[in-house]
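Report on the structure given below.
The values are calculated or read from the model by the stated rules, or taken from the named source; none is laboratory data. Computed from a predicted structure; not experimentally measured. Backbone-built Cβ (ideal geometry, glycine too); neighbour counts: all protein chains shown. What goes into the accessible areas is simple: the full protein's heavy atoms, side chains included, and nothing from ligands, DNA or RNA. Shrake-Rupley method; radii C 1.70, N 1.55, O 1.52, S 1.80 Å.
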Amino acid sequence: MNLSLPSHNSRGALLNLLLALADDELVLGHRDSEWTGHAPILEEDIAFSNIAQDEIGHSLVWLTLYEQLTGRTPDAMGFERKPEEFMCCRFVEYPKGDFAYTVVRQYLFDLAEKVRLESFLDSSFEVLGETAQKLLREESYHLLHASGLVERLGDATEESHRRMQAAVDVAFPQSLGMFEELEGEQELIDAGVFPGNKALLSGWLKQAVPFLRKVSLTPPVKGENESCTVLCPVDDGGRNGRHTEHLKGLIDDMQKVYRLAPGPNW
Amino acid sequence: MDTQWETYEVFHQSRRGEPHSYVGSVHAPDPHMALQLARDQFARRLQCVSLWVVRSGDITATDYQDDDFFARVTDKSYRDPKAFDAPDKLHPE
């Protein structure tokens, strides 16, 4: 595996990028796991449990890469950090809500994930591209699952439409926080590591907006494609350690066993 | 309005050339979602190269009440393959 950095200056920013990727997956994976035993239908219960394991597995992939660059183990990163040291976006921290919110969040997240991973395919940091290629095989099925549910629930009945629209109203401003600029991001753009969050946001909007409209859901956005303007506030801060109050509870839960017996052999 | 999803019967193939075997059923709103949900239920642990789903209602079945359908009223032991060993596997490794 070629771990040589594309430029010396980009090291700090690259580590930020890896942590943002890992923490998004870890925290959303944990939220998805909260449906185990509670989803509205058995099949979705199993599907969400399955996706939760996949997301946490992806987090481990990024944290293993992080370990190769820093020596800090995935266990230490997952179980010894304080909430303010996490770099996930606030979007993934919010409680799972009702099934409509979960489905809308999963769709918006999975699409962003796909756009992000595809942008890594020709990264100057080769291992990023190799990893993306591997993860995309699984992520594209997550997206198929989530988009399938959004498509079917968007305009199925009056109630499903009302609840899905309410979920879009809540989730959309939060989801924009996925594209918050990372510290040192310009270094990564200059070094050809990835095109930057602004470019990813525009690629994401280009797909998310027409898809939601097609299924009778209205995102808070004016116009389309290049001339598309976001009309809502952006709920960001997570990439800089400004998290929601919900993250602490999630991390307390996740780290409970580890704190009782630090350094376990799982 | 009935909001219960229909059931689909799921058939799983572990390798190309093997027969698809019946593994169970899933609830789904349509065949495409049924395939996706079947993937999560049945292809998660088992190795899988192909899945089939069939709407349960599309299967025409015999009636358990109709015993006569399968009745053997005279001795038909001559039909049983007793004189040779049938291989367990029709598709050897």
Taking the range A:168-199 and the residues there that are open to solvent by 60 Å² or more (accessible area, probe 1.4 Å) and of a type in the set (D, E, K, R), the one that is farthest from A:R239 (Cα to Cα) would be A:D169
Selection from the range A:1-15 of residues buried (at least 19 other Cβ atoms within 10 Å of the Cβ) and in contact with a Leu (Cβ under 6 Å, 6 or more places away or on another chain) yields A:S10, A:A13
Output for Cβ contacts, cut-off 6 Å, separation at least six or different chains, first residue within 12 Å of chain B (Cβ to nearest Cβ) in the range A:23-50, second among the aromatic types (F, W, Y) and surrounded by 20 or more Cβ atoms within 10 Å (Cβ to Cβ), reads A:A39/A:F48; A:P40/A:F99; A:F48/A:W35
Is one or more of the residues making up the range B:45-55 in contact with a Ser or Thr (Cβ under 7 Å, 6 or more places away or on another chain) and part of a strand (DSSP E or B)? no
Of the residues in the range A:78-106, those that are open to solvent by 10 Å² or more (accessible area, probe 1.4 Å) and either assigned to a loop (DSSP other than H, G, I, E, B) or within 30 Å of A:G192 (Cα to Cα) (or both) number 11
Residue in the range A:243-258 that is at pLDDT 95 or above, closer than 30 Å to A:D122 by Cα, open to solvent by less than 50 Å² (accessible area, probe 1.4 Å) and assigned to a helix (DSSP H, G or I) present: no
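Could you list all residues from the range B:32-62 that are of a type in the set (S, T, Y) and surrounded by fewer than 11 Cβ atoms within 10 Å (Cβ to Cβ)? Reasoning before the result, please.
Within the range B:32-62, the first condition is being of a type in the set (S, T, Y), and the residues that meet it are B:50, B:56, B:60, B:62.
Scanning the range B:32-62 gives B:T60, B:T62.
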Per the filter on the range A:211-240, residues surrounded by 13 or more Cβ atoms within 10 Å (Cβ to Cβ) and small (G, A, S) are A:G237, A:G238
